[in-house]
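Some notes on the structure that comes next.
The values are calculated or read from the model by the stated rules, or taken from the named source; none is laboratory data. Computed from a predicted structure; not experimentally measured. A quick note on method: Cβ atoms are made from the backbone with ideal geometry, for glycine too, and the neighbour counts reach across all protein chains shown.
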Amino acid sequence: MERKKPSTVLISMMPSVQETSTMKLAFPIEDIPQECFAALPDAYTMRPLASSDYSRGFNEVLECLVETPDEGEAAWKGRFDAMVAANGTYYPIVIVSKETDRIVAMGTVVVELKFFRGLTKVGHVEDIVVDTRLHSKGLGKIVVETVKAIGISKGCSGIILNCSDEKKPFYEKCGFTYSGLQMAKRLR
Ligand SMILES: CC(=O)SCCNC(=O)CCNC(=O)[C@H](O)C(C)(C)COP(=O)(O)OP(=O)(O)OC[C@H]1O[C@@H](n2cnc3c(N)ncnc32)[C@H](O)[C@@H]1OP(=O)(O)O
């Protein structure tokens, strides 16, 4: 079946070729389904994580979710490269302020290969976080809907996540339903 041409409106919301052509991205920008850009406010762009994002405040935003000590740019880039090398597994995305060129929100879907249900794949939603100063503006929902859509487009038959009880209403707004408890053995 012939693929429909994307609407001009949605194309105009995606980062321009000039904006991303010099960046090393974690995965091709075309892997973000175009409809994901529809709800993004004009003040922001959304794209895959780039190797230069260490200096756009990546750690500071992630710190709003979890302790993120600065290991230095070289170590950060080493981790970025390892994710890229695991081709087809990690799909980290960021939302960036056009005004400041700083990251304001991020999230990832990790695509896990399975042997069951006809060699299916399962998407794990990870590290969803919005800069504390920009909560309740719809950015978190855009990030979750986007990583969900990427996982589905990559062939996942299910998308799952772990979160605290307090975040349950947020994920319900993003279309998830309660599905049992999480267990953990923390080693550090
Ligand atoms: C799998 C994981 O990564 S779990 C970790 C989740 N991340 C964190 O805990 C980090 C700290 N928290 C945050 O970064 C943010 O608060 C997030 C990501 C949880 C939510 O991002 P925001 O941009 O503030 O949420 P957003 O504005 O998109 O809210 C979408 C909807 O969820 C609702 N919502 C958001 N947070 C909550 C909450 N804690 N309780 C109830 N409802 C909520 C909003 O009211 C909104 O409802 P609406 O669509 O009816 O208007």
Note to self: For region 115-129, check the following and say yes or no: at least one residue is more than 14 Å from the ligand (Cβ to nearest atom), under 21 Å from Thr20 (Cα atoms) and touching a residue at least 40 places away in the same chain (Cβ under 8 Å).
What the structure shows: no
When region 41-61 is checked residue by residue, the ones that are outside any helix (DSSP H, G or I) and more than 16 Å from the ligand (Cβ to nearest atom) are Asp42, Thr45, Arg47, Pro48, Ala50, Ser51, Ser52
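Here is a check on your reading of the model: is Val144 crowded, with 18+ Cβ neighbours inside 10 Å and more than 18 Å from Gly88 (Cβ to Cβ)?
Working: crowded, with 18+ Cβ neighbours inside 10 Å: yes; more than 18 Å from Gly88 (Cβ to Cβ): yes.
Spelling it out, Val144 is indeed crowded, with 18+ Cβ neighbours inside 10 Å and more than 18 Å from Gly88 (Cβ to Cβ).
Closer than 21 Å to Pro41 by Cβ, hydrophobic (A, V, I, L, M, F, W, C) and within 14 Å of the ligand (Cβ to nearest atom) - does that describe any residue in region 63-73?
Keep residues of region 63-73 that are closer than 21 Å to Pro41 by Cβ, which gives 64.
Still in the list and also hydrophobic (A, V, I, L, M, F, W, C): 64.
When the remaining residues are screened for being within 14 Å of the ligand (Cβ to nearest atom), the result is 64.
Yes, there is a match, as at least one residue in region 63-73 is closer than 21 Å to Pro41 by Cβ, hydrophobic (A, V, I, L, M, F, W, C) and within 14 Å of the ligand (Cβ to nearest atom).
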Cβ pairs under 6 Å, 6+ apart or interchain, first in region 20-31 and under 12 Å from Met46 (Cα atoms), second assigned to a helix (DSSP H, G or I) and modelled with pLDDT under 95, ordered by first then second residue, are Ile29/Thr20
Scanning region 21-43 for residues that are farther than 22 Å from Ala74 by Cα and surrounded by 20 or more Cβ atoms within 10 Å (Cβ to Cβ) gives Ile32, Cys36, Phe37
Flagged in region 63-93 as among the hydrophobic types (A, V, I, L, M, F, W, C) and closer than 21 Å to Gly151 by Cα, in numbering order, are Phe80, Ala82, Met83, Val84, Ala85, Ala86, Ile93
- Task: Return yes when Thr132 is more than 9 Å from the ligand (Cβ to nearest atom) and among the hydroxyl-bearing types (Ser, Thr, Tyr) and no when it is not.
- Result: no
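Considering only region 135-181, state which residues are aliphatic (A, V, I, L, M) and within 11 Å of the ligand (Cβ to nearest atom).
Step one: list which residues in region 135-181 are aliphatic (A, V, I, L, M), which gives 139, 142-144, 147, 149-150, 152, 159-161, 181.
Residues satisfying the conditions are Leu139, Ile142, Val143, Val144, Val147, Ile159, Ile160, Leu161.
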